[in-house]
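The block underneath contains the structure these notes are about, expressed in structure tokens.
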Amino acid sequence: MPTLTNKRILLGITGGIAAYKCAELSRLFTRAGAEVRVVMTRAAQEFVTPLTMQALTGNRVHMELLDFEAEAAMGHIELARWADLVLVAPASADFLARAAHGRADDLLSTLMLATAAPIAVAPAMNQGMWSDPGTQQNLAEVRRRGYHVFGPAEGDQACGDFGPGRMVEPAGLFASCAELFAGEPLAGRHLLLTGGPTREAIDPVRFLSNHSSGKMAHALAAEGVAAGARVTLISGPVALPAPDRVTRIDVVSAKEMLAATMQRIADADVFIGVAAVADYRPANTTPEKIKKDDESMNIELVRNPDIISAVARLDPRPLVVGFAAETGNVAANGREKLERKKLDLLFANHAAETFNSEEVAATAISADGEFEIPRARKEAVARKMLKLIADRLPATENSS
Ligand code: C5P
């Protein structure tokens, strides 16, 4: 079964007997990992109760355009922006007519105009209404606007007729919707990243660390979600909020980062070590604050575990991608690191231009050669990096 992890599906239900099938449809979506919000027209509420849909989706059902309380919780524009896909099932003849004319006189029709997400409709009506030239003209118009049209199927109808007009069964609608997302470069993949600096305690108030802001890892995590992946970001202390739909595990030291990585690596398809892990930590952390009695002091340091190398030694292992912030000989040092750490791909850049900056340039280095990613905002560079990563992943049922 395809996964729809993180996907946000807005299910619009209009008035038709097939509305009862939306209960099963919403279960298929949520079982595949999607979040479902339901919008019902007035007529739809005659066929299936909002309470049923609320219980099945775990979300309040949206019904009225001009409802103060509902608008305060999640307004119609917010709802339109929230969706990754709008599916109207069943789509009645009247709804298709109103959609074809760009009406905005109830919540669902308004959302259809406001959303930038793809829209799909699953027509369901009596065969005579379906064959009527008016309906066919409306259908041609919504197709022209880029709506996906799923069905209708042909067969026995609730009204006793036989012919085209049955809503496609929930399993079929689920498969067609999953197909719309299957083209995403990281659909169905688990992306695990480390990011930010680590802090190595000297005493209860002092630590060793570095200038890493965590911006590159956060950009990769956010773009990973946009590319269809389930994303886990193991982050050292940073001043950034966790990106939407990313599971962030906050850690402090390199040892904690290693433990958190190993706990979650088993089902990862890709591991990206973006963190600027402190190479050394104090051999001893004193339980009491160190007094400044002496003119000088020595701190003995010991090597920290190399997290990415530990991941690269696993068998089986995910695709392992590293970063190298260098101060000179960027490409040569990067290639040496790729080989020594046994990485599949490495992004090398100038440390001075990377740390705490909004923009970055990088050289992608792999066994096949090198590729320059020109300087741009970290989000844009992250998209290019993920494309190079996706191209190296073995095909799966979901991604092919
Ligand atoms: O050896 P260096 O720190 O330059 O290598 C950088 C790469 O190795 C980055 O991908 C970084 O996240 C990873 N690394 C690590 N654990 C360490 C040191 C670096 O995972 N202790």
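The values are calculated or read from the model by the stated rules, or taken from the named source; none is laboratory data. These numbers come from a predicted model, not from an experiment. Cβ placement follows ideal geometry from the backbone for every residue including glycine, while neighbour counts extend to all protein chains displayed.
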Any residue at all in the range 178-199 that's out of contact with any Ser or Thr (no Cβ under 6 Å at 6 or more places or on another chain), over 25 Å from L4 (Cα atoms), at pLDDT 95 or above and surrounded by fewer than 24 Cβ atoms within 10 Å (Cβ to Cβ)?
no
Would you check which residues across the range 49-70 are free of Cβ contacts under 8 Å to residues at least 24 places away in the same chain and more than 16 Å from S109 (Cα to Cα) and list them?
T49, P50, L51, Q54, A55, R60, F68, E69, A70
Conditions (1) surrounded by 14 or more Cβ atoms within 10 Å (Cβ to Cβ); (2) closer than 30 Å to D203 by Cα; number of the one not met by L345:
(2)
Of the residues T5, T110, which single one is hydroxyl-bearing (S, T, Y) and in contact with a His (Cβ under 7 Å, 6 or more places away or on another chain)?
T110
E379 being closer than 26 Å to M262 by Cβ, among the acidic types (D, E) and assigned to a helix (DSSP H, G or I):
no
Based on this model, can you work out whether K255 counts as within 16 Å of the ligand (Cβ to nearest atom), surrounded by fewer than 22 Cβ atoms within 10 Å (Cβ to Cβ) and either within 29 Å of L4 (Cβ to Cβ) or over 16 Å from the mean Cα position of the chain (by Cα) (or both)?
yes
Please list, ordered by first then second residue, the pairs with beta carbon atoms under 7 Å, 6 or more apart or interchain, first in the range 337-349 and over 16 Å from A325 (Cα atoms) and in the same structural domain as A367 (by TED's automatic domain parsing), second in a strand (DSSP E or B) and near the ligand (Cβ under 10 Å from one of its atoms).
D344/V320; D344/V321
Quick one: how many residues across the range 246-266 are of a type outside the set (A, V, I, L, M) and either part of a strand (DSSP E or B) or modelled with pLDDT under 95 (or both)?
3
Might you check whether a residue that is within 12 Å of the ligand (Cβ to nearest atom), in a strand (DSSP E or B) and of a type in the set (K, R) occurs anywhere in the range 301-322?
yes
If D294 satisfies all but one of (1) part of a helix (DSSP H, G or I); (2) surrounded by fewer than 12 Cβ atoms within 10 Å (Cβ to Cβ), what's the number of the condition it fails?
(1)
Would you confirm whether or not the range 169-186 contains a residue that is within 30 Å of N126 (Cα to Cα), touching a residue at least 60 places away in the same chain (Cβ under 8 Å) and not in a helix (DSSP H, G or I)?
yes
